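The values are calculated or read from the model by the stated rules, or taken from the named source; none is laboratory data. Since the structure is predicted, the reported quantities are computational estimates derived from the model, not experimental observations. Please note: Cβ atoms are built from the backbone with ideal geometry, for glycine as well, and neighbour counts cover all protein chains shown.
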Amino acid sequence: MAIINQATKELQVKIVYYGPGKGGKTTNLEQVHTHVQNVQEKGKLVSLATSSDRTLFFDFLPIEAMAIKGFKTKFQLYTVPGQVIYNTTRQLVLRGVDGIVFVADSQYDRMPENVESFQNLQDNLKTLKFDIAEIPYVLQFNKRDLPDAAPVEYMEFLLNNREVRVPSFTSVASQCEGVFEPLNMITRLLLNKFINQSGRKTA
């Protein structure tokens, strides 16, 4: 959950990139880290590697983020390992999550893995006593440049077929296309949530 640091006047918010293996989660974080221009505003990109997968994380302090009662907002971005054998690590990374970017692979033959990964996300959140309906998240349909990319409408049907649909975006993360739009949206959703909660507490 979000952490308020009174000493540094920072609100720390945790965003996790989730999705199937090799779907583009790592590429997203690498692109964001590369294109955050002000070096002083971002932390080091840290990689925790296993034998065949890895978890990345870093934090950054966007210059133009909405302020909450004089607090700067620091975003901590994490990826989870894509392979199922590292599910315990996924649960550890999800602890204290505030928002999620679900990165789906647009290739037709990866649709079962997208669905499986989304179900795994919901299962892991339940294990941690979270309800996905109460956590802001967005969908990112990655690898739209590939010839076997499924129609967006089909992916919406598989992953966003619910009463209240969430924002979704198309991307080619390897070319940094559509990388910042889902990140900007999830940060906006989170800040609006915290502003509303703050307003209710002081009302």
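Key figures for this structure:
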quantity	calculated
Test result for LEU190, touching a residue at least 24 places away in the same chain (Cβ under 8 Å), under 17 Å from ASP105 (Cα atoms) and not charged (D, E, K, R)	no
Residue match in segment 135-143 (condition: modelled with pLDDT of 90 or more and polar (S, T, N, Q))	yes
Hits in segment 162-177 (condition: surrounded by fewer than 19 Cβ atoms within 10 Å (Cβ to Cβ), more than 15 Å from TYR137 (Cα to Cα) and not acidic (Asp, Glu))	VAL172, SER174, GLN175, CYS176
Yes/no for VAL32 being within 16 Å of the chain's Cα centre (by Cα), at pLDDT 70 or above, of a type in the set (Val, Ile, Thr) and assigned to a strand (DSSP E or B)	no
Inter-residue pairs, beta-carbon under 6 Å, first among the basic types (Lys, Arg) and in segment 43-56, second surrounded by 11 or more Cβ atoms within 10 Å (Cβ to Cβ) and modelled with pLDDT of 65 or more, 6+ apart	ARG54/SER47
First in segment 14-25 and over 15 Å from GLY99 (Cα atoms), second anywhere and assigned to a strand (DSSP E or B) and among the β-branched types (Val, Ile, Thr), Cβ under 7 Å, 6 or more apart	GLY23/VAL103; GLY24/VAL103
